């Protein structure tokens with residue numbers, strides 16, 4: 001069974017997403033069947049569309065009716081402009097992974113659950129670390145991945161809140177604590193055989209080695225284009 005966070009391709013794009021992308025293509029109109037076929041046969045072409053200034057401007061235009069597009073598409077386009085070097089297949093896989101993760105974390109308390117099928121919620125890192133220590137080996141991969149995901153989300157999307165909490169809170173830890181946990185557990189997750197089975201070993205390793213780069217990209221995205 002594939003965890004819901006283990007998505008590195010463009011599969012989460014919905015039919016309205018494809019129609020939205022199609023509407024931004026210059027030239028004569030194309031029908032949906034043609035674009036769907038294009039996605040299946042030439043995903044790199046769709047990747048280029050997601051990186052285009054035309055699509056980015058359309059998403060940012062307040063007059064655009066973008067309510068029907070998926071959060072995956074929205075985050076995917078913004079991430080490609082927030083990151084300085086959003087080129088190459090390994091980087092695109094990470095972007096697709098992060099766009100899917102951000103879309104998941106929009107729903108309810110998913111950010112607090114290592115597994116959406118389990119009822120346990122982890123509000124604090126210390127709870128996750130305790131669960132990891134007590135977990136059987138097959139469960140450890142999910143927990144390590146979630147610690148990395150949660151740490152990156154916290155330091156990137158909630159970075160200002162973390163800093164304020166550390167500055168004015170009584171017992172708050174520094175954001176660097178979360179960053180170190182995220183880096184370390186992404187690295188451990190990358191070396192797990194389950195990461196190889198899911199095709200995530202390279203994604204997790206990039207997130208471990210370049211954690212600060214992706215954290216800065218998320219903060220830029222949040223600060224420049226999601227402030228409202």
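No lab work stands behind these numbers, since they all come straight from the coordinates. All figures in this text were calculated on a predicted structure; none of them were measured in a lab. As a convention, Cβ positions derive from the backbone with ideal geometry for all residues, glycine included, and neighbour counts pool all protein chains shown.
Taking the Kirkwood radius as Rh and the Cα radius of gyration as Rg, region 109-228 has a ratio of Rg/Rh equal to 0.98.
Could you calculate the FRET efficiency of residue 33 with residue 68 from 1/(1 + (r/R0)^6), where r is the beta carbon distance between them and R0 is 22 Å, rounded to 0.05? E(calc), rounded to 0.05, equals 0.70. Using a 7 Å offset from Cα along Cα-Cβ at residue 120, what residues in region 136-158 end up with backbone N under 13 Å from the label point? It comes to 136-144, 146-147, nothing else. Listed from fewest to most Cβ neighbours within 10 Å, the set 155, 8, 120 follows the order 120, 8, 155. Relative to the current alpha-carbon distance between residue 173 and residue 135, full extension at 0.36 nm per residue lengthens the span by 11.2 nm.
With neighbours defined as other Cβ atoms within 10 Å of a residue's Cβ, the residues 205, 226, 1, 221 order from fewest to most as 1, 226, 205, 221.
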